[in-house]
Amino acid sequence: MKLNKIIFAAIILIFLVLNVTSVSAVDIMQKYDSFMRAGEMGEGVVESPSNIVARIIKIVLGFVGVIFIVLIIYAGFMWMTAAGNEERIEKAKKIIIRATIGIAIVLLAYTITYTITELLIESTKGTGVAQPNFPANPGP
C-alpha cells in the first residue's frame, strides 16, 4: 500500500512539474525573442525592481497553488481509499482543512500587500512641484 502511495504521488508530481516547465519554457522563449528584437532596434530593455519582485511573487504564488492542489488530491485519495478506517478519514479531513486555511492565509496576505502597495504608490505619485489652486477665471 505504501508503494502505491509513492507511485501515485510521483506520477502527479511529474505531471505537474512537466506541465509547469513547458509553460515556463514557452514564456521564457517569448520574452527572450522580444528582448533580442528590442536590442536589435537599439531600445534598451530595463526592468524596474518592482517588476522583478512582482514576477517573483507570482512565481511563488504559482508554486503555492500547485502545493495546495497536490495536498487536496492527496487528501481526497486518502479519504477515498480509507475503506471505512476512521483514523485515515480524520487525517484526510485535517489535511484538507489545513491546506484550505493555508491557501486562504496566503491569498489574504497577497491581497493586503497588493492593496497597501497600490495605496502607497498612488499617494506618493506627483509632479514634484506643488501646484497652487487658483481659479480658472479670476473676477474683475
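For the range 74-119, a tally of residues being touching a Phe, Trp or Tyr at 6+ places or on another chain (Cβ under 9 Å), touching a residue at least 24 places away in the same chain (Cβ under 8 Å) and within 25 Å of Ile7 (Cβ to Cβ) returns 5.
Against the list (1) assigned to a helix (DSSP H, G or I); (2) modelled with pLDDT under 85, the condition Thr127 fails is (1). Per the listing Ala83, Ala99, the residue uniquely of a type in the set (Gly, Ala, Ser), modelled with pLDDT of 70 or more and assigned to a loop (DSSP other than H, G, I, E, B) is Ala83.
The values are calculated or read from the model by the stated rules, or taken from the named source; none is laboratory data. All values derive from a computational prediction rather than experimental measurement. In this analysis, Cβ positions are derived from the backbone assuming ideal geometry, glycine residues included, and neighbour counts consider all displayed protein chains.
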